[in-house]
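Shown next, in structure tokens, is the structure this report addresses.
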2 protein chains.
Amino acid sequence: MYKAPVEEIAFTLKHVAGLAPALDGGHLGDLTDDLVDAILAEAGRFASEEIAPLGAIGDTQGARFADGAVTMPTGWPALYKAWAEGGWNSLTASPDFGGQGLPHMLHVAALEMWNSGSMAFAIGPTLTIGAIEALTAHGSDHLKNTYLPKMVSGEWMGSMNLTEPHAGSDLGVMKTRAERRGDGTYRLFGQKIFITYGEHDFTDNIVHLVLARLPDAPAGTRGISLFLVPKFLVNEDGSLGPRNDAYCHSIEHKLGIHGSPTCTMIYGDGRFGEEPGAIGWLVGEENRGLACMFTMMNNARLAVGMQGVAIAEAATQKAIAYAKERTQGKAPGWQGSGMSPIIEHPDVARMLLTMKVLTQGARAITYACAHAVDMAHGADARHWAERASLLTPVAKSFATDAGVDVASLGVQVHGGMGFIEETGAARLYRDARIAPIYEGTNGIQAIDLVTRKLPLSEGNHIRGFIAELRDIAAKAAASNMPALGETGERLTGSIADLEAATDWLLAAVSEGRQVEALAGATPYQRLFGLVLTGAYLAKGALADGGDGRNEERAALCRFAAENVIGETAALRERVIGGAASLAAARAVLG
Amino acid sequence: MYKAPVEEIAFTLKHVAGLAPALDGGHLGDLTDDLVDAILAEAGRFASEEIAPLGAIGDTQGARFADGAVTMPTGWPALYKAWAEGGWNSLTASPDFGGQGLPHMLHVAALEMWNSGSMAFAIGPTLTIGAIEALTAHGSDHLKNTYLPKMVSGEWMGSMNLTEPHAGSDLGVMKTRAERRGDGTYRLFGQKIFITYGEHDFTDNIVHLVLARLPDAPAGTRGISLFLVPKFLVNEDGSLGPRNDAYCHSIEHKLGIHGSPTCTMIYGDGRFGEEPGAIGWLVGEENRGLACMFTMMNNARLAVGMQGVAIAEAATQKAIAYAKERTQGKAPGWQGSGMSPIIEHPDVARMLLTMKVLTQGARAITYACAHAVDMAHGADARHWAERASLLTPVAKSFATDAGVDVASLGVQVHGGMGFIEETGAARLYRDARIAPIYEGTNGIQAIDLVTRKLPLSEGNHIRGFIAELRDIAAKAAASNMPALGETGERLTGSIADLEAATDWLLAAVSEGRQVEALAGATPYQRLFGLVLTGAYLAKGALADGGDGRNEERAALCRFAAENVIGETAALRERVIGGAASLAAARAVLG
């Protein structure tokens, strides 16, 4: 069973991702080191003891749909209630509406643990928190006062309604329409698909945030507005009024995260209410809906990245436990009697260590991204906002790819038992697979990284970041830690690969060689993630964490440098020289 | 829906894997080119039109267990009957027992297509064919005459019983026991798990081949004997007699291949018959059971490799079809009106081409292995037997890893729809995952490759093979095909990586540096597969297939060389220099 790795998480937050210097520098208000530890410990306890034991039933039973209603898995409504009462929904929310206003770093660390417990459970609250953010930033005072206190307390949940059958990655073509009613309200008509937690029995009311198009809106993404559409209308006194004309038509039969209801939502077909039309209120300005969504999109992407880290951590723990227990054959050098635990076989150890490296690398990258988000509220705001922007696609894609790869290795370590559902390794393999897809596919992340993020400050931001990485590699090379092996040299080489690929892409983008730049986007994104993995593991090995585990961290870092990140050279070649053969081979696909 | 790529398969068999020269050289009896084409066309038709349409129901309904009996998915018993009546079960079987005695190459090509139609369906017949092989090679005349005609005709099926709860990769510790009865029969007692098609309603009788230990057997794998244990005893006249004391206790709830019943089998607990004990007959000699199994193990491993190719092909077809149909956004350079098909986006094209390369590489490797199996029956038997031995672990591991990787990319290409079960991409992702595990995990294959296959003929076999590969690279470099781009140089470099890693491993094995050799086994196996992929694609591009598709093949080959196989350098470093950091990091795992 999953046990939250609270110490490793705390170390990574503080000594790799920047929380310790931020605390020391007074950048995080009166937050103290002790409070950080207390929050992490309690979030971890909740994940290990409350959520994880209900993960399997969530998968086997799944969310069930009948007559427009969704029944959540047995025990889950009580679990949600306990989670909300624990105050977890309000961690980062504004104190103006009952929130605790804590840094984003703590939120993502907690998110990781909850998702390790059950990704299908954690995704629901995550979306509510996203809706709270959007409403806090863009809602009118009336909307905020009416909805936020109950959303922050967890009494009501939220949902995010973007996708339509023909509008997924490309939201510009959406068809859901909104009509002005002259009284400050709107009527919405349309269908949304893939709406996570669009319907459930956790809460009495659900606050849908819905993108729709006004009759006179410009075409494309500049003609999209954001609306708040509650499941039940809310009376002046805050009590629930009549049912709104918005309902769940069906839920999807999915590969994984079975406990998470993925709803097709119908707005305004006249099923409820006196006349057809789901009653909605504008959030932000007309035709500026996408901008409203973008303020929270980055955080949502990072939240999905946390799902990747979470699955990778859970899969790694499970595989290590099995490999220590299961005996089979005699590993070379095995001195014990009888068969050796399979962890003693070099090939199994290689799989487990690769899993550890990818998990820890993904964790460090995502936490560093959250740190940048936190720092963007203070001095050097632009620098940190750019850092957050730059790291978000890498965090999302690298961590979610790691989730899939690590979960797959986890099945492999289990041998035949891994293919049996009751073992639980297969569930992680299934659940993991959605994360590289939703909140912007990893291909979309790569396009964003190369075409919008690299050019920030004319490329000076990424160049400055690479200089920081080079500094870590130099420290590793200059260190007197034999346990680091060839880390310094290897990392230096990989950073040179990153730099060469970056320079090439910056030139391609600035010269308008769009096809070539996009052809190399995904290899570049992977290259970036591998370099950051090596660099952050080295930073951790060199850090003064005070826990006497530097040798251990150095050993894992060395394994990463010498056995995991070496693909950077091939990836650089693919970025710089791969476009021509990609274009030439396109015809093969017919 | 899957459509068997009969032309590509025929081309690969003939012009890449060696069938054309073998036919020309008269190595395959009176088999003609026309007959090959006719067999492939009909096997493909059966796969596309008969099997594939029943793949989805096999998954959603699955094999169902109740009261010791297994009910197969709706339509599957009739499908099996049609398949057997088509003569497919007898393709490679000996004409002495009603078989057609055709080459193994045709069998694996047909296997690929049937598995693309439904892996869960094809695995059952595959195991029966394995049982036929074992019985043909090692059974007494009485056993052969009693069982083989009905197994070859498909009237009865077979099953292979190896695994026990504590004996998976390590069969030496198995506990199922057999007692001599003095009348030529034995009584078996024990439990076997993970028995594919151990029970079903396709046939009246099931012929179980069961490994068990005699009371006075030596410990370990040298004390294992092979027995034939029919579900129903067979009367002298060939009719079915009483039920034997062997039955299915339960079936597993698995990640994939739901239509394939994975049985726990109980032998000799007294449920059937007058006294406890499943009645069995010895196959081969006492205590030589593992040797009997090994004669067919290589073919079984190759058959699992075909499942990897099959899933990869099916996933690629599905993804390409979706990417041509689904429109989203505007790809750079898109001139059409409205959104472009997603296949126009460079990142999507990259995924699809990578899928194509891995599929075609895996196909070529597995077919080349089958060719070696066929040639091992004629002149140069030792050379070809060694080639088959060497290629088997690479074929099994590379193709099954390709199955998983390509199916995962296939889900990704589908975006959110890929996560919805009805789309079918998710089923391939689930089904694919068992292939790297069963018939010897891919880690076991790597150990076999490095410790037993590389040293064949003191390393001269692998050295000779590398020289053949170098010859292909030289031809590519010397060719006047601009479409090959840098194929010659890249391939030459990758072959040098393979050679350096091979030399290092040969030295490590011969000097008894077992831990170091095993630490590099999996990276080496991958390196080998990537080099073969590049080389076989080049061989195909340079071949005179007479179909005017050389430019197209060259374009895909170039994409492979410049965008897929470049990891060989990193893999070489991992083989040669990765063991130390692996050993040092072992402590991190606790």
Please enumerate the residues belonging to the range A:415-424 that are more than 9 Å from chain B (Cβ to nearest Cβ) and assigned to a helix (DSSP H, G or I).
A:THR423
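Run down A:ALA399, A:ALA381, A:ALA385 and say which single residue is within 30 Å of A:GLY29 (Cα to Cα), more than 13 Å from chain B (Cβ to nearest Cβ), surrounded by 24 or more Cβ atoms within 10 Å (Cβ to Cβ) and at pLDDT 95 or above.
A:ALA399
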Flag for B:VAL531 being away from every other protein chain (no Cβ under 11 Å) and either assigned to a helix (DSSP H, G or I) or at pLDDT 95 or above (or both)
yes
Please specify each residue of the range A:188-232 satisfying the condition of being within 14 Å of another protein chain (Cβ to nearest Cβ), free of Cβ contacts under 8 Å to residues at least 60 places away in the same chain and open to solvent by 40 Å² or more (accessible area, probe 1.4 Å).
A:ALA219
Filter result for A:GLY464 (part of a loop (DSSP other than H, G, I, E, B) and either out of contact with any helix residue (DSSP H, G or I) (no Cβ under 6 Å at 6 or more places or on another chain) or in contact (Cβ under 8 Å) with a residue 12 or more places away in the chain (or both)):
no
Which condition does B:SER408 not pass, out of (1) surrounded by 24 or more Cβ atoms within 10 Å (Cβ to Cβ); (2) of a type in the set (Gly, Ala, Ser); (3) within 18 Å of the chain's Cα centre (by Cα), if it passes all the others?
(3)
Being within 11 Å of chain A (Cβ to nearest Cβ) and over 21 Å from B:VAL564 (Cα atoms) is the filter here, so list the residues in the range B:493-519 that pass it.
B:GLY512, B:ARG513, B:GLN514, B:VAL515, B:GLU516, B:ALA517, B:LEU518, B:ALA519
Is it the case that some residue within the range A:280-291 is crowded, with 24+ Cβ neighbours inside 10 Å and in contact with a Lys or Arg (Cβ under 8 Å, 6 or more places away or on another chain)?
yes
Quick one: is B:GLU179 surrounded by fewer than 17 Cβ atoms within 10 Å (Cβ to Cβ), touching a helix residue (DSSP H, G or I) at 6+ places or on another chain (Cβ under 8 Å) and closer than 22 Å to B:ASN244 by Cα?
no
Got at least one residue in the range B:300-316 being modelled with pLDDT under 95 and assigned to a helix (DSSP H, G or I)?
yes
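Going by the conditions given, is B:ARG586 within 12 Å of chain A (Cβ to nearest Cβ) and in contact with a Leu (Cβ under 6 Å, 6 or more places away or on another chain)? Don't jump to the end; show me each part of the working.
Values: within 12 Å of chain A (Cβ to nearest Cβ): yes; in contact with a Leu (Cβ under 6 Å, 6 or more places away or on another chain): no.
Against the criterion (within 12 Å of chain A (Cβ to nearest Cβ) and in contact with a Leu (Cβ under 6 Å, 6 or more places away or on another chain)), B:ARG586 does not qualify.
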Can you run down the residue pairs with Cβ atoms below 7 Å, 6 or more apart or on separate chains, where the first is in the range B:551-566 and within 8 Å of another protein chain (Cβ to nearest Cβ) and the partner is open to solvent by less than 10 Å² (accessible area, probe 1.4 Å) and not in a helix (DSSP H, G or I)?
B:GLU562/A:GLY578; B:ASN563/A:GLY578
Can you tell me which of (1) aliphatic (A, V, I, L, M); (2) under 24 Å from B:GLU133 (Cα atoms); (3) away from every other protein chain (no Cβ under 14 Å) is the one B:VAL304 doesn't meet?
(3)
Residues of the range A:429-461 being in a helix (DSSP H, G or I), open to solvent by 10 Å² or more (accessible area, probe 1.4 Å) and more than 12 Å from chain B (Cβ to nearest Cβ), which ones?
A:ARG452, A:LYS453, A:LEU456, A:SER457, A:GLU458, A:ASN460, A:HIS461
Report yes if B:ARG526 is of a type in the set (D, E, K, R), at pLDDT 95 or above and surrounded by fewer than 19 Cβ atoms within 10 Å (Cβ to Cβ), otherwise no.
no
Per the filter on the range A:248-267, residues out of contact with any His (no Cβ under 6 Å at 6 or more places or on another chain) and either open to solvent by 10 Å² or more (accessible area, probe 1.4 Å) or in a strand (DSSP E or B) (or both) are A:CYS248, A:HIS249, A:SER250, A:ILE251, A:GLU252, A:HIS253, A:LYS254, A:HIS258, A:THR262, A:CYS263, A:MET265, A:TYR267
Going through the range A:335-363 in order, the residues found to be of a type in the set (Ser, Thr, Tyr), over 25 Å from A:MET113 (Cα atoms) and within 12 Å of another protein chain (Cβ to nearest Cβ) are A:SER340
Please name all residue pairs, on different chains or six or more residues apart, with Cβ atoms under 6 Å, provided the first residue is in the range A:399-420 and is without any contact (Cβ under 8 Å) to a residue 40 or more places away in the chain and within 13 Å of A:ARG326 (Cβ to Cβ) and the second residue is in a helix (DSSP H, G or I) and open to solvent by less than 10 Å² (accessible area, probe 1.4 Å).
A:GLY418/A:VAL411; A:GLY418/A:ALA425
Across the range A:469-505, which residue is least open to solvent (accessible area, probe 1.4 Å) among those that are over 30 Å from A:THR451 (Cβ atoms) and of a type in the set (S, T, N, Q)?
A:THR487
Output the residues belonging to the range B:216-227 that are more than 24 Å from the chain's Cα centre (by Cα) and assigned to a strand (DSSP E or B).
B:ILE224, B:SER225, B:PHE227
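Might you let me know whether the range B:81-88 holds any residue that is under 19 Å from B:ASP374 (Cβ atoms) and either surrounded by fewer than 24 Cβ atoms within 10 Å (Cβ to Cβ) or outside the structural domain of B:ILE39 (by TED's automatic domain parsing) (or both)? Break it down into steps so the answer makes sense when it comes.
Taking the range B:81-88 first, the residues under 19 Å from B:ASP374 (Cβ atoms) are B:88.
Among the residues that remain, those that are also either surrounded by fewer than 24 Cβ atoms within 10 Å (Cβ to Cβ) or outside the structural domain of B:ILE39 (by TED's automatic domain parsing) (or both) are: B:88.
Yes, some residue in the range B:81-88 is under 19 Å from B:ASP374 (Cβ atoms) and either surrounded by fewer than 24 Cβ atoms within 10 Å (Cβ to Cβ) or outside the structural domain of B:ILE39 (by TED's automatic domain parsing) (or both).
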Quick test of your reading of the structure: A:ILE257 fulfils all but one of (1) more than 27 Å from A:GLY154 (Cβ to Cβ); (2) under 24 Å from the mean Cα position of the chain (by Cα). Name the failing condition by number.
(1)
Being among the acidic types (Asp, Glu), in contact (Cβ under 8 Å) with a residue 24 or more places away in the chain and open to solvent by 50 Å² or more (accessible area, probe 1.4 Å) is the filter here, so list the residues in the range A:1-38 that pass it.
A:GLU7, A:ASP37
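The values are calculated or read from the model by the stated rules, or taken from the named source; none is laboratory data. From a predicted model like this one, the values you see are computed outputs, not experimental measurements. Here Cβ is always computed from backbone atoms with ideal geometry, including for glycine, and neighbour counts include all displayed protein chains. Note: accessible area is taken over every heavy atom of the protein model, side chains too, but ligands, DNA and RNA are not part of it. Shrake-Rupley method; radii C 1.70, N 1.55, O 1.52, S 1.80 Å.
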